[in-house]
């Protein structure tokens, strides 16, 4: 079955904007689209001009999950993407991106689409955004594992279980109250809000961002002493980095820092 869906990539004001673009299917994903999105994340991670990533959807939807029409066109024995959905440590590809990832959600994020919003570091949504982990309605569990691992860490055990048991919609207002999203805006202001949020991060050291992100996610699974020891080792390394020297010089000279990520 023909499908014209794509995933676009452009650099805007220092952010790699990755846009899921299949609006006639509510931005449902095909396997080639998923693989393209993963490739774009690698491109963004390697690009010096990219400081942050914004993941969003075209039109009035974020992502409605897998495109069932596309899936039905493929024999069951041939289904599945060739690219790994995670890195060697088990982190989802969106989460594993070493740069801050902001999810800008407008309209529905359903199933795998809702899962992907959890993979991001920060979420901003329009006032018509809504999220649904509706896997139980299909006799499934959360398909990327994020709903059963990341989501309870993001909003708490009881709210996560209620969403997973019921498969009900989580409207933007409730998502904001739960802390699942950090900001709610009008639909027409969504991309600008995400880019503005991203630019707040650009004042910081990209090396410090990468190290902080890695420490934060690793710290979710290990003993505090192990975490403290690694944090101390990394901090000592930061003290002799070019970015730290530049940060101190910029403060002393009362000017914005010019970080290189070294």
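Tallying residues that are surrounded by fewer than 20 Cβ atoms within 10 Å (Cβ to Cβ) and either in contact with a strand residue (DSSP E or B) (Cβ under 6 Å, 6 or more places away or on another chain) or farther than 26 Å from residue 211 by Cα (or both) within segment 85-120 yields 1. With the requirement that a residue be assigned to a helix (DSSP H, G or I) and either over 24 Å from the mean Cα position of the chain (by Cα) or assigned by TED's automatic domain parsing to the domain that holds residue 13 (or both), what does segment 210-230 give you? Within segment 210-230, 224, 225, 226, 228, 229, 230 qualify.
If a residue must be touching a helix residue (DSSP H, G or I) at 6+ places or on another chain (Cβ under 6 Å) and farther than 16 Å from residue 95 by Cβ, how many such residues does segment 142-158 contain? So the answer is 1. Quick check on segment 10-42: of everything there that is assigned to a strand (DSSP E or B) and buried (at least 17 other Cβ atoms within 10 Å of the Cβ), which residue is modelled with the lowest pLDDT? This residue is 29. Restricting attention to segment 66-85, the residues that are modelled with pLDDT of 85 or more and closer than 20 Å to residue 39 by Cβ add up to 6.
It is to be established whether one or more residues within segment 181-194 are assigned by TED's automatic domain parsing to the domain that holds residue 50, surrounded by 16 or more Cβ atoms within 10 Å (Cβ to Cβ), assigned to a loop (DSSP other than H, G, I, E, B) and in contact with a helix residue (DSSP H, G or I) (Cβ under 8 Å, 6 or more places away or on another chain). Taking every residue of segment 181-194 in turn, at least one turns out to be assigned by TED's automatic domain parsing to the domain that holds residue 50, surrounded by 16 or more Cβ atoms within 10 Å (Cβ to Cβ), assigned to a loop (DSSP other than H, G, I, E, B) and in contact with a helix residue (DSSP H, G or I) (Cβ under 8 Å, 6 or more places away or on another chain).
Scanning segment 137-160 for residues that are part of a helix (DSSP H, G or I) and surrounded by fewer than 14 Cβ atoms within 10 Å (Cβ to Cβ) turns up 137, 138, 153, 157, 158. Residue under question is residue 104, and the condition is that it be at pLDDT 95 or above and at negative phi; does it hold? So residue 104 passes the test. Identify, please: which residue in segment 239-262 is farther than 18 Å from residue 202 by Cα and assigned to a helix (DSSP H, G or I) and is, among those, farthest from the chain's Cα centre (by Cα)? That would be 252.
The values are calculated or read from the model by the stated rules, or taken from the named source; none is laboratory data. Computed from a predicted structure; not experimentally measured. Because the Cβ atoms are built from the backbone with ideal geometry, glycine has one as well, and the counts that use them run over all protein chains shown.
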